[in-house]
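Trainee: Before I ask anything, here is the structure I am working with.
Laboratory data are not the source of any read-out in this text; all were calculated from the coordinates shown. Note that the structure is a prediction, hence the values are computed from the model and not measured. Heads up, the Cβs are rebuilt from the backbone with ideal geometry, glycines too, and the neighbour counts pull from every protein chain shown.
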Amino acid sequence: MSKPASVAAAVQNPAASVAKSDKATRYLQLMLLVLAAGAIYPILYLRQVYQTTMLEVFQINHSELGYLYSMLGTIFLISYLPSGWLADRIAPRFLIFFSLVATGALGLWYSTVPSMTGLMIIFGCWGLTTGLTFWASVLKRVKMIAQHSEQGRFFGILDGGRGLVEALLATVALGLFAYAIGTGGQTAAEGFRHVVYLYSFICIGLGCLLVLVKDPKSVAAEASATDEKHNLFKDLATLVKIPELWLVTAIVFCGYHIFWATYSFSDYLQGSGMTAVMAGTITTIKLWMRPVGGIGGGWLGDKYSNISVLIVALALATLAMAGLVVFPAFNNLGLLVVTVIFIGLMTYAIRGLYWAILDTCNIPLRITGLAIGIVSVVGYLPDTFIPLINGYLTEHYPGAAGYQLYFSYIAFVGLIGTLAALTLRARIRRSSLSKLSNV
């Protein structure tokens with residue numbers, strides 16, 4: 001009796017049945033996008049766990065590794081704005097499919113231990129497959145599949161879920177690496193090759209899976225919406241006159257410095273006396289701080305104040321970074337390990353919050369995307385020069401001295417970011433008091 005009744009209800013109310021199916025499809029796509037975003041970038045940044053191994057396998061020095069990542073960052077920087085332009089003209093799911101498959105294929109080449117010239121080609125192409133064709137496409141895809149009431153939820157799941165996927169994959173990869181060079185009796189180069197295979201095949205498989213999932217019906221309605229005409233120069237002039245936007249840009253710029261410093265923790269810990277596997281274990285635990293720091297920071301921001309929680313996270317991360325400069329004198333590895341993990345926790349809280357404060361800048365909705373593009377270009381500028389600074393300092397000042405100079409620089413920039421956040425909070429409070437006095 002219940003089955004015919006449910007069939008009759010579906011016939012009488014087909015919209016409800018379609019909506020339920022549509023919701024399931026949208027959440028399936030979100031899950032796949034979370035997996036894609038969590039799998040595509042780690043293969044580019046294996047240095048944060050395997051930097052010392054990479055230097056040995058590819059027979060390159062710190063400066064050459066810095067050149068590769070500086071080139072990658074430069075391509076990212078150039079790609080941010082055109083990435084959005086491309087995503088508006090080609091269906092995002094096809095761009096994401098290309099990005100994942102191409103990144104995985106380049107990874108297979110990477111596993112063959114190419115020369116420095118080959119590495120430059122691979123990293124240059126990775127910059128295009130993960131920047132130009134992926135960056136805006138995955139963000140736009142999430143926006144397209146999420147209804148208006150689900151935007152925050154979907155983007156929150158994307159960032160927190162992505163961190164969880166990265167941590168899970170890093171844990172599996174480290175286990176594979178440790179087994180290969182331990183029980184398997186293989187060399188570090190062979191163990192590293194297995195890690196690259198893992199990420200490469202996952203990217204290729206996810207790309208093929210994502211392109212087969214059809215668009216939910218709600219996406220068609222979103223795509224048919226009328227486009228509003230914009231005057232680029234007038235829109236840019238409007239944004240330039242918003243001081244809060246530039247403070248947010250400064251915060252992202254400084255916060256991203258702290259995030260970049262975490263890529264060197266593995267090499268730093270090994271230089272402090274740890275084995276490759278132990279250092280990799282600590283940096284993998286640090287990766288597990290992303291879902292904790294991102295989701296926890298966002299929850300605290302909603303409960304108290306996004307900007308206030310961000311100030312605390314920036315200040316604590318800056319102090320901890322300064323701690324890495326002085327703690328080696330105590331010859332206490334346990335203290336270093338706790339500090340590294342704590343910096344990871346604060347870093348991911350910062351990353352989870354610095355886009356949330358954009359809402360305080362009173363930016364017109366129609367040019368919010370352009371504002372995000374501007375913040376991305378300037379805020380992620382460290383991608384182009386931090387690898388060079390890191391490579392130069394660690395190459396010319398070997399051992400602890402190079403990292404003490406490097407982390408001192410990061411701590412100084414972190415202090416500037418904290419001051420920028422304090423200034424932004426003061427402006428927000430003045431603006432709120434001004435509005436209250438005018439009521």
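Trainee: Just how far, in whole angstrom, is segment 92-135 from segment 368-439 if you go by their alpha carbon centroids?
Mentor: So the separation of the two Cα centres works out to 28 Å.
Trainee: Quote the Stokes-Einstein diffusion coefficient, in whole µm² s⁻¹, for segment 21-218, based on the Kirkwood radius over alpha carbon pairs, a temperature of 25 °C and a viscosity of 0.890 mPa s.
Mentor: Using the Kirkwood radius from Cα pairs, D works out to 140 µm²/s.
Trainee: Right, another one. Exposure proxy check: R26, R193 ranked by fewest other beta carbons within 10 Å?
Mentor: So the residues, fewest neighbours to most, are R193, R26.
Trainee: Further, regarding this structure: Quick one: if you stick a label point 7 Å off each Cα along the C-beta vector at A400 and S305, how many nm between them?
Mentor: Using points 7 Å along Cα→Cβ, the separation is 4.0 nm.
Trainee: Just for the Cα atoms in segment 230-434, what are the lengths along the principal axes, largest first, rounded to whole Å?
Mentor: Computed over the Cα atoms, the extents are 56, 36, 25 Å.
Trainee: Something else: Bin all alpha-carbon pair distances of segment 35-133 at 10 Å intervals from 0 and give each bin's fraction as a whole percent.
Mentor: In whole percents, the pair-distance histogram is 15, 48, 29, 8, 0.
Trainee: For a protection proxy built on the mean count of beta-carbon atoms within 10 angstrom, sort 58-66, 395-403 highest first, please.
Mentor: Sorting 58-66, 395-403 by mean packing, highest first, produces 58-66, 395-403.
Trainee: Most exposed first by the Cβ proxy, i.e. fewest other Cβ within 10 Å, how do S137, S305 rank?
Mentor: Ascending number of Cβ neighbours within 10 Å: S305, S137.
Trainee: What is the spin-label model distance, in nm, from K234 to L212 if the labels are put 7 Å beyond Cα along the C-beta direction?
Mentor: About 4.9 nm, to one decimal.
Trainee: Report the extension gain between V277 and Y41 in nm, rounded to one decimal, defined as 0.36 nm multiplied by the number of residues separating them, less their alpha carbon distance.
Mentor: Taking 0.36 nm per residue and subtracting the Cα distance, the gain is 82.8 nm.
Trainee: Count the net charge of all other residues whose Cβ sits under 15 Å from the Cβ of L269, scoring Lys and Arg as +1 and Asp and Glu as -1.
Mentor: +1
Trainee: Also: Give me C361, C125, C203, C208 sorted ascending by neighbouring Cβ count inside 10 Å, so fewest comes first.
Mentor: Fewest-to-most ranking of C361, C125, C203, C208: C208, C125, C361, C203.
Trainee: Within segment 299-334, which residues have the backbone N less than 13 Å from the label spot 7 Å out from S432 along Cα→beta-carbon, could you tell me?
Mentor: 302-309
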